[in-house]
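The structure appears right after this line, and notes come after that.
The values are calculated or read from the model by the stated rules, or taken from the named source; none is laboratory data. Quick caveat, the model's predicted, so the values are computed rather than measured. With ideal geometry, Cβ positions are generated from the backbone for all residues, glycine too; neighbour counts draw on all protein chains shown. The protein model used for the area step is the full one, side chains on, heavy atoms only, and it has no ligands, DNA or RNA in it. Shrake-Rupley method; radii C 1.70, N 1.55, O 1.52, S 1.80 Å.
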Amino acid sequence: MRSDQIKRLEELAERLADVFLVEADPDNWSGAGELPRDMDQQTRGDRHWDRKGAMGTGGVLRYAIDLAKSHQNPTGHPDQTEHDADLERKIRDAEKRAAAAVNRALDKAKKRTFDAKTHGR
């Protein structure tokens, strides 16, 4: 992305943030201050769409921010140490999953051996 496009994307994110703050405020939703049991069906439906609209705006905002950040620093990582820490975390997670799989296989083998001895096979 060109630098002018990134700047426009950042400006768009700021405008979207302003809209999101207004839409996400429960005081601005239909039926504000009423309990759901006191609302008619139309008001409950409108309130549902108020929330969905806020979530949609929030999603677009998040995407715009992520897109701008990723093009400011194409690697997606501010520095190498953060990248290394993320990689280490992924390695630890993979090692935990592998250890759990090995333990499950060993437990299954032990059970099979125990069952064979117990049932005389």
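Return a yes/no flag: does the range 70-83 have any residue that is under 19 Å from the mean Cα position of the chain (by Cα), among the acidic types (Asp, Glu), closer than 30 Å to MET1 by Cβ and modelled with pLDDT under 95. Taking every residue of the range 70-83 in turn, none turns out to be under 19 Å from the mean Cα position of the chain (by Cα), among the acidic types (Asp, Glu), closer than 30 Å to MET1 by Cβ and modelled with pLDDT under 95. Is it the case that the range 28-50 has a residue that's at positive phi and either free of Cβ contacts under 8 Å to residues at least 12 places away in the same chain or among the hydroxyl-bearing types (Ser, Thr, Tyr) (or both)? Yes.
Just name the residue that is nearest to ALA64 (Cα to Cα) out of those in the range 18-47 that are open to solvent by less than 60 Å² (accessible area, probe 1.4 Å) and in contact with a Lys or Arg (Cβ under 8 Å, 6 or more places away or on another chain). My answer is TRP29.
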